[in-house]
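Written below as structure tokens is the structure these notes are about.
Laboratory data are not the source of any read-out in this text; all were calculated from the coordinates shown. Computed from a prediction, not measured in an experiment: that's the story for all the values here. Positions of Cβ are generated from backbone atoms using ideal geometry, with glycine treated the same way; all protein chains shown enter the neighbour counts.
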Amino acid sequence: MAMRTPLKNVRRLGSAKDGTEHFWRQRLTSVALLLLLPFVIWIALKTGGADYETAVATLGNPIVSILLALFILAGVVHMRLGMQVIIEDYVHTEGTKIALLMLNTFFAAIIGLASIYAVLKLSFGVAF
């Protein structure tokens, strides 16, 4: 006995086989963010009210810069995946959905690149 609806049979729309991978990426990035969060809070407290030289000295440590870059990367990927689910669930016009999914990807890439660029500039001590 087939478990497909008549409409699904007519359209030949089966499983996209992408849901499990998306689910695990979302969970993986959330676990990475949880593991890196105490470190990021420590960095924020240490450099929050500090002067520029202190921030550069703190971010000059390669371990600090790498962990901060990993936090940014995991956060941007997690943000993009979350917004993708919202767009796919609540936008029903196909053209609008595709445009919003593209904008979502571009926005996440721009935010991620700008954030990583700022961390790298600070970690190498280059003045803005």
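Odds and ends about this structure:
- Neighbours of Leu68 by Cβ distance under 13 Å: Lys/Arg scored +1, Asp/Glu scored -1, total +2.
- Taking other C-beta atoms within 10 Å as the exposure proxy, Thr54, Thr93 rank Thr93, Thr54 from fewest upward.
- Put in order of Cβ neighbour count within 10 Å, fewest first, the listed residues Met79, Met102 become Met102, Met79.
- Counted by neighbouring Cβ atoms within 10 Å, the residues Phe106, Phe71 run from fewest to most as Phe106, Phe71.
- Three-way shape call for region 38-128 based on the alpha-carbon gyration tensor, with the a/c threshold at 1.5: prolate
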